[in-house]
Amino acid sequence: MFTLKNLLKISLILVILLFISTFALYINMRDQLPNVNSLKDVKWQTPMQIYSQEGLLISQFGEKKRIPLTLEEIPQQLINALLATEDDRFYLHFGVDPIGMGRAVLGQLMGQNKGGASTITMQVARNFFLTREQTYIRKIREIFLSFHIESLLTKDEILMLYINKIALGHRTFGFAAAAQVYYGKTLDELTLAQIAVLAGLPKAPSTLNPIRSPERAKNRRAIVLQRMLVSGYISEQEYLSAKNAPITGKKHGAEIELNAPYVAEMAHQKMIERYGAEQAYTNGYKVFTTVSANLQQAAQNAVTNNLLNYDQRHGYRGPLLSLRPEPQEGKSSTSSEDNLTLMQIPLTEIEINDALSAITSYQNLQPAIVTDIAEQSIQITLENNDIAYINWEGLSWARKYISDQKQDTPPKEASDILRYGDVILVEDRGEEGFKLSQLPQASAAMVSLSPDNGAIKAAVGGFSFKQSQFNRVTQAKRQVGSNIKPFIYSAALEQGYTLASLVNDAPINQWDKSAGIAWRPKNSPENYAGPMRVRLALAQSKNVVAVRLLKSVGLDNIINHLSSFGFSPDELPRNESLALGSASLTPLEVATGFAAFANGGYLIEPHLIDRIENSDGKVIYQSNPALACNPCEQLERVALENNLADDGLIINDGHTESEQQLTPTQVKFAERAISEQNAFLIADSLNSAIWGADWSVADGWQGTGWRARTLKRRDIAGKTGTTNEAKDAWFSGFSKHIVTTSWIGFDDPGRNLGYTVYNNNLGKNQITGNEFGAKSAQPAWIEFMKVALAEQPVEAIEPPAEIVSVRIDKATGKLTTATNKTSQFEYFKVGTAPVDYVRQDNSGDILDGEDNKEEDIF
């Protein structure tokens with residue numbers, strides 16, 4: 001007879017057999033189970049992030065988007081939503097929920113879906129160690145691993161692992177990353193409705209997310225909210241409010257705080273070189289660059305504005321396309337629909353939206369469609385069907401482009417420029433309104449660095465990274481033109497020339513045997529002054545004087561001297577065209593060379609990365625740049641004598657994952673490129689290129705960089721540069737603590753910058769000026785330095801030791817006792833000042849004249 005006692009015996013036997021078989025299965029599978037001790041020290045696969053020196057996010061690299069959080073940083077509402085939806089007995093079971101497991105098994109036996117049996121602990125086991133294959137063996141291993149995890153970690157630790165590890169669609173892992181991608185917010189900024197959407201994602205993240213299927217996301221959200229209501233986590237009012245809220249999710253990128261894509265890519269490549277791609281993309285490194293957010297934004301604005309201004313000086317190339325093109329000549333419409341041509345059919349909202357969505361925006365340029373034309377204004381439709389207007393001030397620049405060297409006459413009416421249905425790019429100028437624009441075809445670059453230690457403060461490699469990822473700061477080797485002259489003149493000073501030496505500014509006609517033609521370098525413009533002092537020749541950028549100096553000093557001596565500034569001798573042309581700037585250098589190389597004039601003669605090493613932190617916020621690399629400073633030798637002696645080795649720090653080189661303690665090293669000092677006196681004399685001469693001197697206006701001359709006077713800073717110096725046929729235009733300049741190089745040109749080396757043509761109101765066009773360094777590159781430098789110098793105190797270019805100042809005669813460079821406009825004070829290195837006085841009669845006229853044959857006239 002089957003009694004209750006027998007039933008209990010049978011049940012006990014079954015339980016014992018189940019336990020024995022389970023234990024035997026565990027013993028059999030034990031060696032195949034992963035070691036869950038690794039969960040005690042989880043290394044999250046988090047992306048690499050690039051920051052400015054202030055800690056503003058510039059970019060993020062890595063496929064897996066993850067933002068690990070501690071449990072204290074996770075909103076309680078999200079925890080409640082997950083517990084209610086995924087595992088409401090999480091804090092009660094031992095890794096496996098018998099009730100849930102029993103319900104699932106019963107469902108399988110009855111052929112009904114009673115819900116999954118996976119607890120949060122089991123999901124952690126699967127996410128960290130197993131796959132998602134649907135097999136019984138995988139499920140058993142998942143259960144055994146869950147027991148291990150529960151014995152090793154607390155419930156809160158398990159929950160934290162789950163919240164940070166779970167895949168939630170669109171390559172997001174963890175709820176913090178999902179909040180950023182789907183809503184562009186941090187978790188603590190989300191509403192209850194948004195939290196419920198995220199909490200519903202673990203069931204099927206690829207199909208339940210609000211980007212892929214808003215409707216399914218809404219239905220899943222309702223289930224999550226219902227379970228939260230039943231569990232007592234939210235009130236009825238909260239439930240109804242969140243349930244009726246609209247689905248607002250859309251894809252967001254990382255929350256970029258500073259737009260500096262060229263800087264980000266430079267840092268990215270450095271990290272790949274240091275760590276390799278796999279570690280760089282997954283170890284959660286935080287890379288802090290030397291870039292200043294304020295200066296980087298100023299550089300971006302300067303390059304953008306300058307390129308747009310250059311481009312618009314050369315005319316309008318027409319709309320991107322026209323939705324209502326004019327009928328071609330000789331063709332007539334055969335349609336019988338009211339004999340309407342395509343031009344007469346109004347644009348539909350669908351046409352407008354489709355056309356605008358197909359056009360890419362660049363920087364502050366956005367697409368628009370001309371929807372009405374008045375006499376001297378147009379109406380435009382922007383994205384989201386916003387209506388705006390462009391007045392004549394924003395249209396009148398648009399002379400028709402013919403070539404880089406020629407533009408048509410100025411337009412008189414808006415209809416001379418555009419037609420109804422034209423798809424165009426416009427520039428939003430804020431309070432000034434919109435302006436007709438176009439994507440520039442020319443390219444540009446700007447780099448600014450600290451001459452004190454080589455820290456790169458700003459770098460812009462082109463108009464738009466979206467348009468071209470080619471970084472012209474580091475990758476574009478372009479002929480430097482007259483930007484080479486300060487280095488040529490520096491070499492001349494080393495070989496006995498002074499700023500008062502006379503060199504003949506006269507045409508050169510030199511036979512070239514190898515080419516079989518005469519080489520005739522010319523000044524630009526072709527003005528010649530005869531014998532002139534070195535200072536004036538550099539300030540006025542006299543080509544023939546630079547050539548004569550090179551010939552006098554010797555090509556080998558010049559190249560050796562230029563190599564002191566970091567220029568590779570192998571990349572410098574071994575002919576006299578070097579004096580005119582035929583060498584090809586990158587903007588970063590040029591700026592590095594100019595830094596030696598700003599810092600007293602030291603060669604600094606440009607660097608972009610200041611420090612690197614690991615995912616725990618520990619510094620694993622700290623830059624230790626060589627310092628350029630006048631008392632460096634003295635500082636080094638003091639450091640050694642006082643055992644101050646911890647003045648500078650280098651930390652583990654980053655090639656291993658070991659976390660080493662800070663390793664003190666000595667302060668490093670930059671090597672000398674030139675003497676302090678040489679650096680000062682060139683810097684002071686380059687100051688004359690901008691400011692001249694009190695006597696310069698009376699003499700009727702000014703330096704090529706005079707436009708920089710608008711900065712109203714007497715402590716700046718700089719040099720223009722234009723190559724043959726104006727294919728490249730440069731301006732490099734500096735103050736004591738910042739050096740900046742600006743370049744503009746076309747990526748196509750066969751295309752030159754051309755010149756601007758204007759109508760002279762007599763029906764004829766006239767050339768008003770070639771595009772050269774001062775006109776094409778210097779405006780960007782000025783715009784940037786206006787911001788950069790605002791952060792710097794005025795520090796005059798002071799003469800160092802062993803520099804003397806004596807009064808010289810301006811015409812001959814000799815000593816003089818005159819105190820009128822024929823004389824000025826000039827600087828000399830001790831021992832190089834003139835010793836002879838100019839001969840004058842009683843009227844003050846110079847008697848030397850033609851009889852004065854200076855040895856240093858060449």
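The values are calculated or read from the model by the stated rules, or taken from the named source; none is laboratory data. The structure displayed is predicted, hence computed values, not measured ones. No Cβ is skipped: glycine too gets one built from the backbone with ideal geometry, and neighbour counts run over all protein chains shown.
Can you tell me which residue within segment 290-323, out of those that are within 23 Å of residue 443 (Cβ to Cβ) and hydroxyl-bearing (Ser, Thr, Tyr), is surrounded by the most Cβ atoms within 10 Å (Cβ to Cβ)?
That would be 310.
So residue 838 clears everything in (1) in contact with a Lys or Arg (Cβ under 8 Å, 6 or more places away or on another chain); (2) modelled with pLDDT of 95 or more except one condition, right? Which one?
Only one criterion in (1) in contact with a Lys or Arg (Cβ under 8 Å, 6 or more places away or on another chain); (2) modelled with pLDDT of 95 or more is unmet by residue 838, namely (2).
Tell me, yes or no, whether segment 574-585 has at least one residue that is at pLDDT 95 or above, within 24 Å of residue 546 (Cβ to Cβ), among the hydroxyl-bearing types (Ser, Thr, Tyr) and in contact with a Lys or Arg (Cβ under 7 Å, 6 or more places away or on another chain).
Yes: segment 574-585 contains one or more residues that are at pLDDT 95 or above, within 24 Å of residue 546 (Cβ to Cβ), among the hydroxyl-bearing types (Ser, Thr, Tyr) and in contact with a Lys or Arg (Cβ under 7 Å, 6 or more places away or on another chain).
Please verify whether residue 546 is touching a residue at least 24 places away in the same chain (Cβ under 8 Å), touching a strand residue (DSSP E or B) at 6+ places or on another chain (Cβ under 8 Å) and hydrophobic (A, V, I, L, M, F, W, C), treating the condition exactly as stated. Spell out how you get there, then give the answer.
On the way: touching a residue at least 24 places away in the same chain (Cβ under 8 Å): yes; touching a strand residue (DSSP E or B) at 6+ places or on another chain (Cβ under 8 Å): no; hydrophobic (A, V, I, L, M, F, W, C): yes.
No.
Does any residue of segment 528-551 turn out to be β-branched (Val, Ile, Thr) and farther than 26 Å from residue 684 by Cα? Outline the logic, then answer.
Within segment 528-551, the first condition is being β-branched (Val, Ile, Thr), and the residues that meet it are 534, 544-545, 547.
Next, only the ones that are farther than 26 Å from residue 684 by Cα stay: none.
No: zero hits.
What pairs come up if the first residue lies in segment 612-627 and is touching a residue at least 60 places away in the same chain (Cβ under 8 Å) and of a type in the set (D, E, K, R), the second is surrounded by fewer than 18 Cβ atoms within 10 Å (Cβ to Cβ) and not in a loop (DSSP other than H, G, I, E, B), and their beta carbons are under 6 Å apart, counting only those six or more places apart or on different chains?
Note: pairs meeting the criteria are 613/619.
Every residue, every condition in (1) modelled with pLDDT under 85; (2) surrounded by fewer than 16 Cβ atoms within 10 Å (Cβ to Cβ); (3) of a type in the set (Gly, Ala, Ser); (4) part of a helix (DSSP H, G or I), yes or no:
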{"position": "23", "(1), (2), (3), (4)": "yes, yes, no, yes"}
{"position": "44", "(1), (2), (3), (4)": "yes, no, no, no"}
{"position": "50", "(1), (2), (3), (4)": "no, no, no, no"}
{"position": "54", "(1), (2), (3), (4)": "no, yes, no, no"}
{"position": "80", "(1), (2), (3), (4)": "no, no, no, yes"}
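Just a yes or no: is a residue in segment 580-594 polar (S, T, N, Q) and surrounded by fewer than 16 Cβ atoms within 10 Å (Cβ to Cβ)? Walk me through how you get there before you give the answer.
The initial filter retains those residues of segment 580-594 that are polar (S, T, N, Q), namely 582, 584, 586, 592.
Next cut, surrounded by fewer than 16 Cβ atoms within 10 Å (Cβ to Cβ) only: none.
Taking every residue of segment 580-594 in turn, none turns out to be polar (S, T, N, Q) and surrounded by fewer than 16 Cβ atoms within 10 Å (Cβ to Cβ).
Taking residue 205, is it closer than 30 Å to residue 55 by Cα and either surrounded by fewer than 21 Cβ atoms within 10 Å (Cβ to Cβ) or within 27 Å of the chain's Cα centre (by Cα) (or both)? Reasoning before the result, please.
Working: closer than 30 Å to residue 55 by Cα: no; either surrounded by fewer than 21 Cβ atoms within 10 Å (Cβ to Cβ) or within 27 Å of the chain's Cα centre (by Cα) (or both): yes.
No.
Given 222, 245, which one is closer than 22 Å to residue 186 by Cβ, at pLDDT 90 or above and surrounded by fewer than 18 Cβ atoms within 10 Å (Cβ to Cβ)?
Numbers: 222 fails: closer than 22 Å to residue 186 by Cβ.
Within the list 222, 245, the selection yields 245.
Inside segment 433-474, counting only strands (runs of 3 or more DSSP E) that do not spill past its ends, which hold 1 or more residues that are within 21 Å of residue 55 (Cβ to Cβ)? Write out each step before concluding.
On the way: elements: 434-437, 443-449, 456-460.
Fully inside segment 433-474 and qualifying: 443-449, 456-460.
Evaluate segment 749-765: report whether one residue or more is modelled with pLDDT under 95, surrounded by 24 or more Cβ atoms within 10 Å (Cβ to Cβ) and touching a Gly at 6+ places or on another chain (Cβ under 6 Å). Break it down stepwise before answering.
Step one: filter segment 749-765 for residues modelled with pLDDT under 95, giving 749-765.
Subsequent filtering for residues that are surrounded by 24 or more Cβ atoms within 10 Å (Cβ to Cβ) retains 753.
Next, from what is left, pick out any that are touching a Gly at 6+ places or on another chain (Cβ under 6 Å): none.
Looking through segment 749-765, none of the residues is modelled with pLDDT under 95, surrounded by 24 or more Cβ atoms within 10 Å (Cβ to Cβ) and touching a Gly at 6+ places or on another chain (Cβ under 6 Å).
For residue 627, are the conditions met, namely being of a type outside the set (Phe, Trp, Tyr) and at pLDDT below 90? Before you say what the answer is, go through the steps one by one.
Details: of a type outside the set (Phe, Trp, Tyr): yes; at pLDDT below 90: no.
Against the criterion (of a type outside the set (Phe, Trp, Tyr) and at pLDDT below 90), residue 627 does not qualify.
Considering each of 196, 280, 264 in turn, give the residue that is in a helix (DSSP H, G or I), modelled with pLDDT of 95 or more and either out of contact with any Pro (no Cβ under 8 Å at 6 or more places or on another chain) or assigned by TED's automatic domain parsing to the domain that holds residue 163 (or both).
On the way: 196 fails: modelled with pLDDT of 95 or more; 280 fails: modelled with pLDDT of 95 or more.
Going through 196, 280, 264 in turn, the sole match is 264.
For segment 217-238, what are the residues that are over 48 Å from the mean Cα position of the chain (by Cα) and not charged (D, E, K, R)? Reasoning before the result, please.
Start the filter on segment 217-238 by keeping residues that are over 48 Å from the mean Cα position of the chain (by Cα), which leaves 229-232, 235-237.
Selection gives 229, 230, 231, 232, 235, 237.
Say whether the condition of being assigned to a strand (DSSP E or B) and more than 20 Å from residue 356 (Cβ to Cβ) is met by at least one residue in segment 406-415. Working first, answer last.
Pass one, segment 406-415, residues assigned to a strand (DSSP E or B): 406-407.
This time we only want the ones that are more than 20 Å from residue 356 (Cβ to Cβ), so: 406-407.
For segment 406-415, residues assigned to a strand (DSSP E or B) and more than 20 Å from residue 356 (Cβ to Cβ): present.
Among (1) in the same structural domain as residue 71 (by TED's automatic domain parsing); (2) crowded, with 19+ Cβ neighbours inside 10 Å; (3) not in a helix (DSSP H, G or I), there is one condition residue 185 misses while meeting the rest; what is its number?
Going through the list (1) in the same structural domain as residue 71 (by TED's automatic domain parsing); (2) crowded, with 19+ Cβ neighbours inside 10 Å; (3) not in a helix (DSSP H, G or I), residue 185 breaks only (2).
Using beta carbons and a limit of 6 Å, which pairs, at least six apart or on different chains, have the first residue in segment 682-705 and at positive phi and the second one at pLDDT below 90 and not charged (D, E, K, R)?
Every condition considered, the pairs that remain are 692/702; 692/703.
When you look at residue 233, is it in contact with a strand residue (DSSP E or B) (Cβ under 9 Å, 6 or more places away or on another chain) and crowded, with 19+ Cβ neighbours inside 10 Å, yes or no?
Numbers: in contact with a strand residue (DSSP E or B) (Cβ under 9 Å, 6 or more places away or on another chain): no; crowded, with 19+ Cβ neighbours inside 10 Å: yes.
No: the conditions fail for residue 233.
Out of segment 511-535, which residues are outside any loop (DSSP other than H, G, I, E, B) and touching a helix residue (DSSP H, G or I) at 6+ places or on another chain (Cβ under 8 Å)? Steps first, please.
Step one: filter segment 511-535 for residues outside any loop (DSSP other than H, G, I, E, B), giving 511-512, 517-519, 530-535.
Of everything in segment 511-535, those that are outside any loop (DSSP other than H, G, I, E, B) and touching a helix residue (DSSP H, G or I) at 6+ places or on another chain (Cβ under 8 Å) turn out to be 519, 532, 534, 535.
When segment 781-829 is examined, which residues are found to be in contact (Cβ under 8 Å) with a residue 24 or more places away in the chain and assigned to a strand (DSSP E or B)?
Once the filter is applied, which keeps residues that are in contact (Cβ under 8 Å) with a residue 24 or more places away in the chain and assigned to a strand (DSSP E or B), segment 781-829 yields 803, 804, 806, 808, 809, 824, 826, 827, 828, 829.
Within the bounds of segment 414-422, is there any residue that is surrounded by 15 or more Cβ atoms within 10 Å (Cβ to Cβ), in contact with an Asp or Glu (Cβ under 8 Å, 6 or more places away or on another chain) and of a type outside the set (Gly, Ala, Ser)?
Looking through segment 414-422, at least one residue is surrounded by 15 or more Cβ atoms within 10 Å (Cβ to Cβ), in contact with an Asp or Glu (Cβ under 8 Å, 6 or more places away or on another chain) and of a type outside the set (Gly, Ala, Ser).
Could you count how many residues in segment 143-168 are modelled with pLDDT of 85 or more and of a type in the set (Gly, Ala, Ser)?
Total satisfying the criteria: 1.
Out of (1) crowded, with 24+ Cβ neighbours inside 10 Å; (2) in contact (Cβ under 8 Å) with a residue 60 or more places away in the chain, what's the single condition that is false for residue 170?
(1)
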